[in-house]
Amino acid sequence: MNENHVQLCTGPQWAEYVQTAVLPIVTRDVDLGSAMLEIGPGPGAATDWLRHRVGHLTAIEIDEPAAAALAERYRGTNVEIRTASGADLGWPDGSVDSVGTFTMLHHVPTLALQNKILAEAFRVLRPGGVLVGSDSLPGDELHHFHSGDTYNPVDPASLLSRLQTIGFGRIAIIVDGSLMFTARKPAQEAAA
């Protein structure tokens with residue numbers, strides 16, 4: 001993470017933005033259920049907001065120092081922090097009601113790895129479960145902001161087909177200053 005991220009993403013202004021301008025919109029018509037998985041919480045801008053809306057929140061963070069800081073911050077709460085890759089969760093199939101990924105996919109170096117993270121989210125969701133997410137929109141300013149850092153922006157125009165290919169349905173994509181999306185894992189059909 002470059003110095004720009006340290007200054008912006010760990011500050012209270014970023015957390016306030018995520019909690020007031022992103023999360024209420026992306027979760028507006030969504031039941032997050034009782035068990036949620038957050039992939040790539042970084043400094044936890046979304047984590048505190050989410051933990052008050054689910055019974056148990058597990059946050060998967062690949063960066064060990066960030067995971068350790070979050071584990072200390074949320075010790076004794078309904079939040080569990082695990083150090084792992086979102087592309088290889090090691091989590092049982094169909095074990096959570098919802099998965100969230102907020103402003104982290106553009107830090108994933110390849111499209112294939114982004115797709116693997118989205119596929120892992122699909123795999124761990126229970127039938128009828130929901131993926132909620134957001135990311136930054138590509139642009140010159142953001143490219144310069146990420147100088148010396150991984151920057152692989154999500155193309156909003158391709159996200160629909162990427163999510164459909166994985167198996168998601170009932171997909172909503174909002175492009176309005178940022179990219180926000182929800183997608184559902186289809187519910188299993190009742191046996192005849």
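The values are calculated or read from the model by the stated rules, or taken from the named source; none is laboratory data. If you're wondering where the values come from, they're calculated on a predicted model, not measured in any experiment. All Cβ positions, even for glycine, are placed from backbone atoms using ideal geometry, and neighbour counts span all protein chains on display.
Residue pairs whose Cβ atoms lie under 7 Å apart, sitting 6 or more positions apart in sequence or on different chains, and linking a residue in the range 143-168 that is outside any helix (DSSP H, G or I) to a partner that is at pLDDT 95 or above and of a type in the set (Gly, Ala, Ser), are Phe168/Ala183. Looking at the range 79-98, I want the residues that are at negative phi and have a partner that is basic (Lys, Arg) and assigned to a strand (DSSP E or B) with Cβ atoms under 8 Å, at least 6 apart or on another chain. Which pairs are those? Going by the 8 Å Cβ cut-off, the qualifying pairs are Ser95/Arg126; Val96/Arg126; Asp97/Arg126.
Of all the helices (runs of 4 or more DSSP H) wholly in the range 23-80, which have at least 1 residues that are aromatic (Phe, Trp, Tyr)? Explain how you work it out, then say what you get.
Details: elements: 23-26, 47-51, 64-73.
Qualifying helices (runs of 4 or more DSSP H): 47-51.
On the stretch given as the range 42-61, residues that are over 21 Å from Ala172 (Cβ atoms) and either at pLDDT 95 or above or among the basic types (Lys, Arg) (or both) total 10.
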